[in-house]
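The values are calculated or read from the model by the stated rules, or taken from the named source; none is laboratory data. In this text, all values refer to a predicted model and were calculated from it rather than measured experimentally. We place every Cβ from the backbone using ideal geometry, glycine too, and count neighbours over all the protein chains shown. When the accessible area is computed, the model is the full protein with side chains, heavy atoms only, and any ligands, DNA or RNA have been set aside. Shrake-Rupley method; radii C 1.70, N 1.55, O 1.52, S 1.80 Å.
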Amino acid sequence: MKKTAFSLLALLFHFACQAQNFDVIPLGIYGGEQEDNLSAYLVGATNDNTFLCLDAGTVNTGIRKAIQEKSLTGPEETVLKDQIKGYFISHGHLDHLAGLIINSPADSKKDIFAIPSVIQILQNHYFITDTWINFADQGQKPILGKYHYNELQEGVEIPTPKTSFS
């Protein structure tokens, strides 16, 4: 297991210890060629419909399926724009980022949390004019400023705005 993937799991366990009660809603569980079922999990405090998205391979299709299964409520657009408050990205593979990138035009202003090397991948390979417009607040111009990068450092706790998590 890569260190970054392990770090994401460590974060999830930290959430469990901190919140005591939380919900995990899978939006996608696979990697590779199943484009409608790629790594993405919503984590939220029990009885609260605000979430952090751990990885974002599949977002919109996963939201739609979770609404059908009654794991989420509301229209897809409301879940995407209002209930997901930020993204934790474990590493820069497309099967962990595709949903974030593709849905960025429809998304609302949010935070992206990742280790510095993953933020560099987003800045240098995905949110650039040659592949996709820059929806972040740093990197290649033009800068749309929808997403704010937050660099994660090992052992340093930071709050996640608009959630009960840190």
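Observations on the model:
- Projected area, mean over directions - region 106-166, Cα convex hull, nm²: 4.5 nm²
- Aspartates and glutamates whose Cα lies under 20 Å from that of Lys85, excluding same-chain neighbours fewer than 8 positions away: Asp23, Asp48, Asp55, Glu76, Glu77, Asp107, Asp111, Asp137, Glu151, Glu157
- Rounded to the nearest 20 debye, the dipole size of region 25-166 about its Cα centre is 360 debye, using +1 on the Cβ of Lys and Arg and -1 on the Cβ of Asp and Glu.
- Taking the 1.4 Å solvent-accessible surface of the chain as the whole, the part contributed by carbon and sulfur is 55%.
- A simple packing score, the average count of other Cβ atoms within 10 Å per residue, orders the peptides 31-41, 125-135, 95-105 as 95-105, 31-41, 125-135, with the highest score first.
- DSSP assigns beta bridges within the chain; of those with both partners inside it, close to 40 percent run antiparallel.
- Sequence-ordered 3J(HN,Hα) estimates for region 30-42 from the Karplus curve with 6.51, -1.76 and 1.60 and θ = phi - 60° stand at 10, x, x, 7, 7, 5, 9, 8, 9, 3, 5, 9, 8 Hz, glycine and proline given as x.
- Excluding ligands, DNA and RNA, the accessible surface per residue across region 25-166 is 48 Å² with a 1.4 Å probe.
- Residues with amide H under 5 Å from that of Lys146, placed H, sequence gap 5 or more: Ala136
- Rounded to whole Hz, the Karplus (6.51, -1.76, 1.60) HN-Hα couplings of region 121-133, x for glycine and proline: 4, 4, 5, 9, 10, 10, 8, 9, 4, 5, 10, 6, 5
- Taking amide H as placed 1.01 Å from N in the peptide plane, the amide H of Val59 sits under 5 Å from that of Gly99, each at least 5 places away or on another chain.
- The chain, Rg to Rh (Cα coordinates; Rh as Kirkwood inverse mean 1/r): 0.93
- Highest-first arrangement of 42-55, 147-160, where packing means the average Cβ count within 10 Å: 42-55, 147-160
- Candidates per trypsin sites (Lys or Arg not before Pro) in region 95-166, loop by DSSP, up to 12 other Cβ within 10 Å: Lys109
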